[in-house]
Amino acid sequence: MNLGLATTYIIGGLMLLSILAYNYSLFNSTVETTSSVITQSKLDNIVSILQNDLNRIGYDRGNSDAFVMAEDSAFIFRGNIFDNDGSDDFDLVEWAVTSELDTTTTNPNDIVLIRTWNQTPSIPANEIEFRYSVRDFEVNYYDIDGNVSAQLDDIVQVEVEVLVESNEPYLTKKDGTELYYRSYWKRRIVANNLIY
């Protein structure tokens with residue numbers, strides 16, 4: 001066999017392997033980047049509505065009866081969510097995470113976060129429900145001095161943590177473990193409408 005021909009086959013084979021390895025790496029990088037962008041967008045959608053709601057706690061109501069319920073995975077409050085919407089003098093809003101698995105994604109860690117909004121609480125049939133897919137949702141409550149508070153009338157600050165994962169895995173390891181991209185948001189908001 002010709003030594004030059006054998007060398008060419010070896011070098012060509014190594015180049016082909018390096019090109020295939022590069023393509024595999026590029027593919028994985030693209031999948032991970034796409035997953036991160038979609039997951040961040042999913043979180044941004046939840047956060048934009050959540051921040052609006054949190055800033056409107058007690059608006060046009062005051063502190064005396066702003067919160068109806070305050071638990072570590074759910075809260076209900078009164079406040080005027082949208083100005084000039086023709087509603088009663090206040091809206092009733094509930095955010096609650098359930099133990100229900102979200103079947104709209106293939107991610108086995110996803111559970112359902114529900115936001116229920118009623119601009120006319122006197123008519124329960126007017127409730128509008130929005131469902132979101134999250135991995136975790138936690139809420140902590142604080143008084144005006146920043147101390148943890150369980151008394152509804154003392155709550156002035158609300159700290160919310162939201163963890164969202166991608167709907168699809170961006171990588172499956174050799175042992176079958178699926179990796180999901182995560183996006184996390186945590187914020188403590190002082191409800192200015194409750195301070196007087």
Residue tally, condition over 30 Å from P108 (Cα atoms) and part of a strand (DSSP E or B), over segment 128-174 | 3
Checked segment 82-108 for anything modelled with pLDDT of 90 or more and among the charged types (D, E, K, R); matches are E94, E100, D102
Matching entry among D143, D175, D136, D154 (being closer than 20 Å to M69 by Cα and out of contact with any strand residue (DSSP E or B) (no Cβ under 8 Å at 6 or more places or on another chain)) | D154
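Quick grid of which residues meet (1) surrounded by 14 or more Cβ atoms within 10 Å (Cβ to Cβ); (2) β-branched (V, I, T); (3) within 13 Å of the chain's Cα centre (by Cα); (4) more than 18 Å from I76 (Cβ to Cβ):
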position: D110; (1), (2), (3), (4): yes, no, yes, yes
position: Q119; (1), (2), (3), (4): yes, no, no, no
position: I128; (1), (2), (3), (4): no, yes, no, no
position: F137; (1), (2), (3), (4): yes, no, yes, no
position: A150; (1), (2), (3), (4): no, no, no, no
position: D153; (1), (2), (3), (4): no, no, no, no
position: V164; (1), (2), (3), (4): yes, yes, yes, yes
position: I189; (1), (2), (3), (4): yes, yes, no, no
List the number of the failed condition for N167; all other conditions in (1) more than 30 Å from F27 (Cα to Cα); (2) polar (S, T, N, Q); (3) in contact with a helix residue (DSSP H, G or I) (Cβ under 8 Å, 6 or more places away or on another chain) hold.
-> (1)
Only one of I57, I46, I76 is touching a Leu at 6+ places or on another chain (Cβ under 8 Å) and either among the acidic types (D, E) or free of Cβ contacts under 8 Å to residues at least 24 places away in the same chain (or both), namely I76
N28 part of a helix (DSSP H, G or I) and modelled with pLDDT of 85 or more | no
Find the residue count for segment 144-169, including only residues that are in contact with a Phe, Trp or Tyr (Cβ under 9 Å, 6 or more places away or on another chain), aliphatic (A, V, I, L, M) and without any contact (Cβ under 8 Å) to a residue 60 or more places away in the chain.
-> 2
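The values are calculated or read from the model by the stated rules, or taken from the named source; none is laboratory data. Here the structure is a predicted model, which is why all the values come from computation and not from measurement. Please note: Cβ atoms are built from the backbone with ideal geometry, for glycine as well, and neighbour counts cover all protein chains shown.
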